[in-house]
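Visitor: Okay, handing you the structure first.
A short reminder: the numbers here are calculations on the coordinates, not readings from a lab. All figures in this text were calculated on a predicted structure; none of them were measured in a lab. As a convention, Cβ positions derive from the backbone with ideal geometry for all residues, glycine included, and neighbour counts pool all protein chains shown.
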Amino acid sequence: MPAIWDSPLTDEQRETIIRRVSEEISKRKLETPAILFLEMHKPLANIAAHAMIAVSPFVMPFFGFRSVDEYSQFVSDRRNIELLIQRLENKEEPKEVAS
């Protein structure tokens, strides 16, 4: 079995994760709640990444080794969370006020 976090995320992998997650959030029209959630939990990102590793034996059969490895590495860095927040903020469309 390959080691977790054996090689760091490439910029391409990071961008793919940001795109995939932001599209799923936007598809469900949950940009604002997601931004609030991510901002509130940004300080706990590293703990969440290590929790993902701790539960990885239970979730790997469902999501696969590569997904668990990439997402846990992604979440471990606050800068990645900030990039995701920025992407979500840019995707938000301004709401028109009814007259």
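Visitor: Find out how many positive minus negative residues lie around Asn46, taking Lys and Arg as positive, Asp and Glu as negative, among other residues whose Cβ is under 13 Å from that of Asn46.
Guide: Working: positive: Lys42, Arg78, Arg79; negative: Asp77.
Result for the local shell: +2.
Visitor: Where does the chain land at 222 nm, in deg cm²/dmol rounded to the nearest 500, when only DSSP H runs of n ≥ 4 count, each adding -39500 (n - 2.57), divided by all residues? If you can, show how the numbers build up before the last one.
Guide: Numbers: 6 runs with 72 residues, N = 99.
Calculated mean residue ellipticity at 222 nm is -22500 deg cm²/dmol.
Visitor: Given an 8 Å cut-off on Cα distances and at least 6 residues of separation, report the relative contact order of region 1-81 as a percent.
Guide: Values: 51 pairs, mean separation 33.6, N = 81.
Computed value for region 1-81: 41 percent relative contact order.
Visitor: Helix 78-91 sits at what angle to the longest principal axis of the chain, using alpha carbons and giving 0 to 90 degrees rounded to 10?
Guide: With both axes taken from Cα atoms, the answer is about 30 degrees.
Visitor: How big is the chain in terms of Cα radius of gyration and Dmax, in angstroms?
Guide: When restricted to the Cα atoms of the chain, Rg and Dmax are 15.1, 61 Å.
Visitor: Ok, one more. Taking square-rooted eigenvalues a ≥ b ≥ c of the alpha carbon gyration tensor, is region 4-44 rounded, prolate or oblate, where a/c under 1.5 means rounded and, failing that, a/b exceeding b/c means prolate? Can you show the working numbers first?
Guide: On the way: a/c = 3.40, a/b = 1.49, b/c = 2.29.
Here region 4-44 falls in the oblate category.
Visitor: Given a Förster distance of 30 angstrom, what is the FRET efficiency for Phe65 paired with Gln86, based on the Cβ-Cβ distance and rounded to 0.05? Intermediate values should be presented prior to the final figure.
Guide: On the way: r = 29 Å, r/R0 = 0.97.
After rounding to 0.05, the efficiency reads 0.55.
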